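Below is one structure; the comments refer to it alone.
The values are calculated or read from the model by the stated rules, or taken from the named source; none is laboratory data. These numbers come from a predicted model, not from an experiment. For neighbour counting, all protein chains shown are included, and Cβ atoms are generated from backbone atoms with ideal geometry for every residue, glycine included. Each accessible area value is taken on the protein alone, full model and side chains, heavy atoms only, with ligands, DNA and RNA left out. Shrake-Rupley method; radii C 1.70, N 1.55, O 1.52, S 1.80 Å.
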Amino acid sequence: MKNAEKLLCRILLLFLWFQSGVGRSGPAFASPGFIESTCSSSMFWVKLEKSFLQDKFFTVEIIDPSGVSVLLDEELEARCGYVLSNDVWGNTIFRASFLGCHVINEMDEKFSLTLNIRVSLFQDLRAATTYQHPMRCSYPTWAPREILCEENYMEVSVKTDVPVISDYETAEWMSALPEARKVLYQIWQLIFYSPSGRKKTLVSDADKLGYSFNNTLSRVFLRSPYSTNETEHSVANGVTMSTISSTSMYRQRWLLLLIDTTVSCPVDGTSFTDVAIVWTVPSMVPRLVLQEPTFTSHNISMAVNGQRIENPEHFGYTLDRNNTHIVTTIPIGASGGRLKSTVSNGVYGAVYSIDLLLEHTWTDTDWHLTKYTVIKQITTPFMPRIPRVVNNTVPETRLFDVTLGVFLHDVILVALKIGEEQLSRKEAQQRGYKISDIHFPNGTIGFQLVVPFDDPNILREYVNKNETKYHLHVNYTLNVGPQLKLYHHPADIECIIADVELPEGIGFCDKENMYLAVPIAGLYKYWSLYVGSKPLSQATALADGYFVTTNDTHLILQVPLFAVGAIYEEVSFERIRARFDLLLKKTSTMETLDIFSVRCNFHSSQFIVCYPNGTVTVSALMKTVPSIDMGKTRLKDSTCRPKEFTKEQVFFQFHVSTCGTSLRFEGDHLIYENELLFEKETLPAQGPPTITRDPAYRLTILCYYPIKETLMQSAVIYGSSSSSRTLPTGYGTMMTRTNVAGPRRARQVLHITSSIFKDESFTETYGQHSEALKYSREPVYLEVELKDEAPGVELLLDNCWVAGSEEFGAIPQWSIIEDGCESKDSGSVSFSPVTKSDRVKYPNHFKRLRIQMQTLPLRKVYFHCTVKVSTCLHLPGNGLPEGQCLQGRKLGTIDYTCHTSDQRSEIHGYAVAGPVLVIHS
Ligand SMILES: *[C@@H]1O[C@H](CO)[C@@H](O)[C@H](O)[C@H]1NC(C)=O
Ligand SMILES: *[C@@H]1O[C@H](CO)[C@@H](O)[C@H](O)[C@H]1NC(C)=O
Ligand SMILES: *[C@@H]1O[C@H](CO)[C@@H](O)[C@H](O)[C@H]1NC(C)=O
Ligand SMILES: *[C@@H]1O[C@H](CO)[C@@H](O)[C@H](O)[C@H]1NC(C)=O
Ligand SMILES: *[C@@H]1O[C@H](CO)[C@@H](O)[C@H](O)[C@H]1NC(C)=O
Ligand SMILES: *[C@@H]1O[C@H](CO)[C@@H](O)[C@H](O)[C@H]1NC(C)=O
Ligand SMILES: *[C@@H]1O[C@H](CO)[C@@H](O)[C@H](O)[C@H]1NC(C)=O
């Protein structure tokens, strides 16, 4: 019912406007629905809908009473009592005072004004459509004084129908006010009072000062912009007021009228808290109330968007007053105002603005009733509202689910950069990303994005053992607020899930080989296979005697029993229990994730195992005709006898430093060599050899140890070495020689011995069965001897070191000779001269060292030396071989020349002496 009534009213109104419009200005169109106007107290209040004028060009013109249209401009607006601006919603607002320049005033009761609104799609308005909008308002209830504080002007109007004053009284006034006497008949004059003094002007001249002054049937009014030369700024109850103090004078023959036309309006008074706008207006403006005790405040009311608000509390507003202040509080976000999004310095935030009107009526004896109206649009400062990225990902779904929010509803998601790909929202949706707007109950919004883990724009990283880290990087692009400002917001979401299946190695065995089968999925991409510290590849496999095959699903590694890297866990007479370890390492970090081991038992009667610690086990099958007594087999050192034997098989176990084992270097390997011998039984035992019953038997045993990691890094300082250092893994071979005619031993083996002597005369050793005992500060005398070589060659020490055990790779080690020279950190080491004696046939075949030991944290020490042979000849006139230390030779008396082409300069050897028991005193 109500709505229907309203509609009917509006139609009637439109009809009326249409009628009057046609009547007046011919071609103009009648006002359409986008124009809305009301009569508000003493103002015309017009609203032009934003939705209609958007993207159009328009002007607002006033039709003056003679029918001429007048274009509005700022100066005219302030002077004529008009305001053309926008409300907080973006609608165009036009307000005109009833006392405005072009308003037709009928007896100060009826007021009419006609607007022409010209609208065009183009900037050139010649082809614009003109909408004529006539308005007519009635306002019979003028207060004796009305003050309007508009956005761009101040206006005071007062009634002039004062009671008639007698001539007698006039005379008295005139004598009291000398200025008044000079007032011309029928001419109003204005007197301004400002800090710079008093200024009197004719009404016609007031115009030039920026004022507008006129009278109507029963009123006079003064309108002023906010800053004129006569404006005075003063503070009333904490609020700055802009004041024009003036008196208007009018004289008729029998009457002198003096009217106070002072106007005073607040220019500030707004403050902001986090949650509210606070607007303060003084209750009593002292300049407007001359007799304060008579001041009585009456009604205070407010309007928002030009609408009167009867119960401010219904909207959450509060309107408080006391004797000094009227305080309006508007919670930020309250309805009536507008909260809109914006971007400031790249930060998302909001501003809230509201169009307010405050009307205060009061009485005092001078004016009886004053109506005081203030119109103000208030906008908060920028309030940052940093949006948050909310991660709603449920790992099991394998979908990133991310929400960005919260935003005000005036924000639009327009584009996204996912990973490295920039996509518009539409493109992103076409790509299959789920993008949706989420509307929260409180009116805010968020944007949800769903991206599968397996999308190409998701970064993935293999982490830990069996997990993948998925990383979604998004850069959102949003259009913010009415101005569609660009705003970017990045989001980085990670999710780690255990979705990687580590490969499982499967081991199996056959008679001679160990096998490991490893699934190839993910191999090389995430993982690498290693044998010890060497990556497994076709090349390394081939070099170490493995065989690698790959089928669709698995890599199969075949490792022969005696291949490099096999670990012999248990070796007995008849059985070898071997193990082979394959390491699964993470390619990115080289971290060992798993060790695949295969363990096999082999029944073998013929094998040699060289253990990393230097122990050698040999099982040999000796089928000879006639058969020999296996109990009589031995190694080079005749005291080394088999540990076990049968009729056809022997089993030896010895250490490379014993049993006459010799050593040589070949390429990257250290080769220990021994021989399994069968001593021919000679009959008779005494006398010249005659017939042998047993066949000659010789089996060469070779153990190869890689030297790269050991010898080359021999100078390890105690305490600094890492205990995880791997010892060389040995491997061995056997060469059977059934004939005595074979070479007595491999050509390139040096026979080296070394011993500890009791004193510097180097005559007496400690013997085989007594250990040397030394105080730690006593020097040790070490001699290294080359045996079985030609007189012309010279023994040279390569590297010598002290260690706590006789194992070649024993650590820690303390270097004493490095590359043939006395080591710098060895304490005190020096070469001692060697002279010919009974024992010393060729001094060139000896090297002697006097070693003043440092305080070593050991009780028992061994002296290790690697050596080589120099075939340099003693020839006068030549210098030393380059890079060589003297090694005890006398410079100046002996000179050398070298047969560089002689292969024998490459021959190496090794010997260990000790132990020496150190007594720490
Ligand atoms: C205001 O005062 C200044 C300086 O006294 C003067 O130049 C200017 O013309 C005055 N303005 C008006 C509108 O009278
Ligand atoms: C004063 O008002 C009259 C009547 O409305 C008008 O004709 C006149 O131009 C106005 N004077 C000024 C200075 O505005
Ligand atoms: C009136 O209210 C204002 C603001 O709340 C306050 O600052 C002022 O002190 C009050 N005045 C009196 C007289 O209570
Ligand atoms: C609106 O709702 C969202 C979601 O519930 C919340 O995060 C946000 O803080 C709320 N905003 C306001 C102003 O209440
Ligand atoms: C997001 O995109 C904008 C515009 O391309 C760029 O200026 C900004 O640096 C980007 N932010 C991030 C975190 O990548
Ligand atoms: C996102 O949520 C998932 C699932 O709760 C969680 O595993 C992941 O760590 C989170 N990521 C971030 C960056 O917060
Ligand atoms: C991943 O590894 C952890 C421990 O390292 C284990 O508890 C978990 O079951 C594994 N998950 C999968 C899927 O393999």
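Some notes on this structure:
- Amide H contacts of F400: V451, F453, each under 5 Å away and 5 or more positions distant or on a separate chain (H built 1.01 Å from N in the peptide plane; Pro and chain starts excluded).
- Accessible heavy-atom area order of Y131, Y139, highest first, probe of 1.4 Å: Y131, Y139
- Charge tally for R850 (other residues, Cβ to Cβ under 12 Å; Lys, Arg +1; Asp, Glu -1): -3.
- Under 28 Å of direct C-alpha separation, and excluding same-chain neighbours fewer than eight residues apart, K836 reaches these lysines: K758, K774, K787, K847, K868, K890.
- Modelled spin labels at I520 and S776, positioned 7 Å past Cα toward Cβ, are 6.0 nm from each other.
- Inter-site label distance for D629 and S218 at 7 Å from Cα along Cβ, in nm: 15.8
- Distance between the C-alpha centres of the range 84-131 and the range 322-387: 25 Å, rounded to the whole angstrom.
- Across K47/K371; K110/K200; K47/K110; K199/K376, pairs whose alpha-carbon gap is larger than 27 Å: K110/K200; K199/K376
- Computed from Cα atoms alone, the Kirkwood hydrodynamic radius reported for the range 35-140 is 14.1 Å.
- Each Lys or Arg adds one and each Asp or Glu subtracts one; over the other residues with Cβ under 15 Å from the Cβ of V235, this totals -1.
- FRET efficiency, S761 to E648 (Cβ-Cβ, R0 56 Å, nearest 0.05): 0.60
- Estimated distance in nm for a label pair at K199 and S572, the labels positioned 7 Å out from Cα along Cα-to-Cβ: 12.5
- Lysine pairs with alpha-carbon atoms under 25 Å apart, the range 506-602, spacing 8 or more or separate chains: 5
- Gain upon complete extension [N475, R579; 0.36 nm per residue less C-alpha separation]: 32.0 nm
- Additional length obtainable on full extension of the chain from S828 to Q307, 0.36 nm per residue less Cα span: 177.0 nm
- 3J(HN,Hα) along the range 755-766, derived from phi through the Karplus expression 6.51 cos²θ - 1.76 cosθ + 1.60 where θ = phi - 60°, amounts to 9, 9, 10, 6, 8, 6, 6, 6, 10, 10, 8, 7 Hz, with x in place of Gly and Pro.
- The packing ranking, built from the mean of other Cβ atoms within 10 Å per residue, places the peptides 843-850, 102-109, 197-204 in the order 843-850, 102-109, 197-204, highest first.
- Under 16 Å from the Cα of K824 - aspartates and glutamates, other chains or at least 8 residues apart: D798
- Measuring with a 1.4 angstrom probe and ignoring ligands and nucleic acids, S837 comes out at about 60 Å² accessible.
- This model, with +1 at the C-beta of Lys and Arg and -1 at the C-beta of Asp and Glu, gives the range 192-340 a dipole about its Cα centre of some 620 debye.
- Hz values of 3J(HN,Hα) by residue in the range 865-870 - Karplus curve (6.51, -1.76, 1.60), Gly and Pro given as x: 9, 9, 9, 9, 10, 10
- R0 of 22 Å, Cβ-Cβ distance L621-D510: FRET efficiency to nearest 0.05: 0.60
- FRET efficiency estimate (nearest 0.05) - Cβ-Cβ, L484 to V70, R0 25 angstrom: 0.10
- For the range 387-497, the solvent-accessible area of protein heavy atoms averages 50 Å² per residue (probe radius 1.4 Å; ligands and nucleic acids excluded).
- Extension gain for N464 to H233 (0.36 nm times residue separation, less C-alpha to C-alpha distance): 75.9 nm.
- Whole-angstrom gap from the range 506-520 to the range 556-634, using each part's C-alpha centre: 15
- Total formal charge among the other residues, if their Cβ is under 10 angstrom from that of Y153, Lys/Arg +1 and Asp/Glu -1: -2
- Proximal aspartates and glutamates to K841, defined as alpha-carbon separation beneath 19 angstrom and excluding residues fewer than eight positions away on the same chain: E760, E764, E783, E785, D788, E789, E794
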